[in-house]
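Have a look at the structure below, then the notes.
The values are calculated or read from the model by the stated rules, or taken from the named source; none is laboratory data. Quick caveat: nothing in here was measured; it's all calculated off a predicted structure. Ideal geometry is used to build each Cβ from the backbone, glycine not excepted, and the neighbour counts take in all protein chains shown. When the accessible area is computed, the model is the full protein with side chains, heavy atoms only, and any ligands, DNA or RNA have been set aside. Shrake-Rupley method; radii C 1.70, N 1.55, O 1.52, S 1.80 Å.
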Amino acid sequence: MRKTLCMIFLCGFAAWSLCACGETSGNTPEKVQVGVTYYNQTDTFLRELIDCYKNDLESRKTEDLEVTVMVREAAGSEKTQNEQVEELIDAGCNVLCVNLVDRADPSEIIDMARERDIPLIFFNREPVAEDMMQWDKTYYVGAVARQSGELQGEMAAEVIKEGKVDKNGDGKIQYVILEGEADHQDAIIRTESVVNTLKENGIALEKLSYQIANWNRAQAQNRMQQMIRQFHDEIELVLANNDDMAAGAIDAYDELNYTEESRPVFFGVDGTSVGLQAVRDGDFAGTVYNDKEGQASAMAELSVALGTGEGLEDIAFENDRYIYLPYLKVTGDNVEEFMDRQ
Ligand code: BGC
Ligand code: CA
């Protein structure tokens with residue numbers, strides 16, 4: 001008898017708890033689990049971009065939406081990155097964000113994602129169009145490379161026209177360029193478009209040297225030292241493909257104790273915290289803002305839309321699957337505005 005009563009009670013309890021669960025099941029939160037891998041943690045801009053992305057995703061969490069993110073850095077190795085993608089897929093990620101180590105070779109990653117039907121957002125390092133066509137669930141978030149060179153060129157032309165750059169007064173600007181990785185869309189296009197823009201603005205140029213420093217401050221310092229040894233005071237303008245390399249160039253002049261007056265004029269790209277500070281201090285004449293908040297927010301919105309299957313129709317794509325954020329000019333006049341965003 002006691003046993004039967006006990007059974008009845010237990011069954012009753014089980015039935016009640018099932019109902020109770022049933023009541024809340026309408027509110028079971030949707031789950032977006034994002035896996036991120038990026039090419040190298042030594043990269044300043046990417047570290048800042050990924051911080052913005054994590055914060056943005058965090059702010060999208062609600063009672064009905066659970067969002068988690070796992071971030072891996074590939075230490076510059078394509079093999080490591082491919083393994084990371086596999087690991088993130090096995091861990092249950094339903095959206096992947098990939099900053100390719102080798103932007104020319106995404107096939108393995110696309111194959112893995114396609115096999116498990118997990119949408120793929122590439123960012124910052126743009127795959128070539130043919131690779132983006134391999135699968136229709138690949139997306140790209142970045143910025144229009146050509147515009148960054150144009151804006152850098154326009155700012156430089158303005159300063160040159162004020163007469164502050166042509167130190168030897170020969171009517172030409174003796175310049176050097178510090179370039180990012182050789183096969184990166186931003187390096188190739190920034191270099192090309194900054195020079196074209198200066199010429200279009202009627203500036204006579206004399207190229208002294210182009211040096212690759214792979215976006216890296218220490219490498220840029222080293223290259224700049226070599227160029228100073230070769231050209232001494234001849235260099236009037238340093239155009240760097242990013243802020244870290246412009247900062248590295250200044251490190252080289254610092255180390256050689258060059259006075260303010262005997263230094264060239266420096267321009268960067270990115271508006272990283274180091275870059276903005278350098279503009280505020282007057283060390284850089286200007287930089288071009290690579291809108292990490294805008295890119296992070298576009299990536300987060302897209303991640304949630306792909307992970308939940310809702311809201312994709314509200315996103316404005318270019319060419320169906322691309323999102324490009326505009327660049328902006330930063331000078332001493334408006335740098336505070338950008339510092340406030342950080
Ligand atoms: C940024 C660089 C960065 C590179 C990494 C570029 O868009 O301007 O600072 O090193 O992306 O891919
Ligand atoms: Ca000159």
message: Conditions first: (1) more than 12 Å from ligand 2 (Cβ to nearest atom); (2) out of contact with any Leu (no Cβ under 6 Å at 6 or more places or on another chain). Gly153 passes all but one, so which condition is the exception?
response: (2)
query: Is it true that some residue in the range 187-208 is closer than 23 Å to Val71 by Cβ and touching a helix residue (DSSP H, G or I) at 6+ places or on another chain (Cβ under 9 Å)?
result: no
- prompt: So which pairs qualify, if the first residue must be in the range 321-342 and touching a residue at least 60 places away in the same chain (Cβ under 8 Å), the second must be open to solvent by less than 50 Å² (accessible area, probe 1.4 Å) and charged (D, E, K, R), the Cβ gap must be under 8 Å, and the two must be at least 6 apart or on different chains?
  reply: Leu325/Asp291; Pro326/Asp291; Tyr327/Asp291; Leu328/Asp291
statement: Reported set for the range 69-89 where residues are of a type in the set (Asp, Glu) and part of a strand (DSSP E or B) is Glu73
query: Looking at this structure, is Glu206 modelled with pLDDT under 95, more than 17 Å from Ser148 (Cβ to Cβ) and not in a loop (DSSP other than H, G, I, E, B)?
result: no
field: Residue under evaluation Asn222, criteria (1) surrounded by fewer than 17 Cβ atoms within 10 Å (Cβ to Cβ); (2) closer than 19 Å to Ala285 by Cβ, criterion not met
entry: (2)
- request: Quickly run through the range 257-302 and pick out the residues that are closer than 30 Å to Cys97 by Cα and aromatic (Phe, Trp, Tyr).
  value: Tyr289
- prompt: Quick one: Gly92 ticks every box in (1) outside any strand (DSSP E or B); (2) touching a residue at least 40 places away in the same chain (Cβ under 8 Å); (3) surrounded by 14 or more Cβ atoms within 10 Å (Cβ to Cβ) bar one, so which box is it?
  reply: (3)
- prompt: Could you say whether any residue in the range 278-295 is touching a Phe, Trp or Tyr at 6+ places or on another chain (Cβ under 6 Å), within 27 Å of Glu126 (Cα to Cα) and in contact (Cβ under 8 Å) with a residue 60 or more places away in the chain?
  reply: yes
query: Of (1) in a helix (DSSP H, G or I); (2) surrounded by 19 or more Cβ atoms within 10 Å (Cβ to Cβ); (3) outside the structural domain of Asn168 (by TED's automatic domain parsing), Glu337 satisfies all except one. Which?
result: (2)
query: If Tyr210 passes every condition in (1) surrounded by fewer than 20 Cβ atoms within 10 Å (Cβ to Cβ); (2) in contact (Cβ under 8 Å) with a residue 60 or more places away in the chain but one, which one does it miss?
result: (2)
- prompt: Which of the residues belonging to the range 225-237 are in contact with a strand residue (DSSP E or B) (Cβ under 7 Å, 6 or more places away or on another chain) and either part of a helix (DSSP H, G or I) or not assigned by TED's automatic domain parsing to the domain that holds Asp281 (or both)?
  reply: Met227, Phe231, Glu234
query: Within the range 58-75, which residues are on the phi > 0 side of the Ramachandran plot and surrounded by 16 or more Cβ atoms within 10 Å (Cβ to Cβ)?
result: none
- prompt: Out of the range 318-332, which residues are over 30 Å from Phe267 (Cα atoms) and surrounded by 15 or more Cβ atoms within 10 Å (Cβ to Cβ)?
  reply: Arg321
query: Which residue out of Arg116, Arg125, Arg103 is within 26 Å of Lys31 (Cα to Cα) and of a type in the set (Lys, Arg)?
result: Arg116
message: I'd like to know if the range 295-313 contains one or more residues that are surrounded by fewer than 20 Cβ atoms within 10 Å (Cβ to Cβ) and more than 28 Å from Ile118 (Cα to Cα).
response: no
field: Residue within the range 300-311 that is over 21 Å from Val195 (Cα atoms) and within 16 Å of ligand 1 (Cβ to nearest atom) present
entry: no
message: Taking the condition of being within 16 Å of ligand 2 (Cβ to nearest atom), in contact (Cβ under 8 Å) with a residue 40 or more places away in the chain and not charged (D, E, K, R), how many residues in the range 221-237 meet it?
response: 4
- request: Scan the range 191-206 and give yes if some residue there is of a type in the set (Val, Ile, Thr), over 28 Å from the mean Cα position of the chain (by Cα), within 16 Å of ligand 2 (Cβ to nearest atom) and under 30 Å from Glu336 (Cβ atoms), otherwise no.
  value: yes
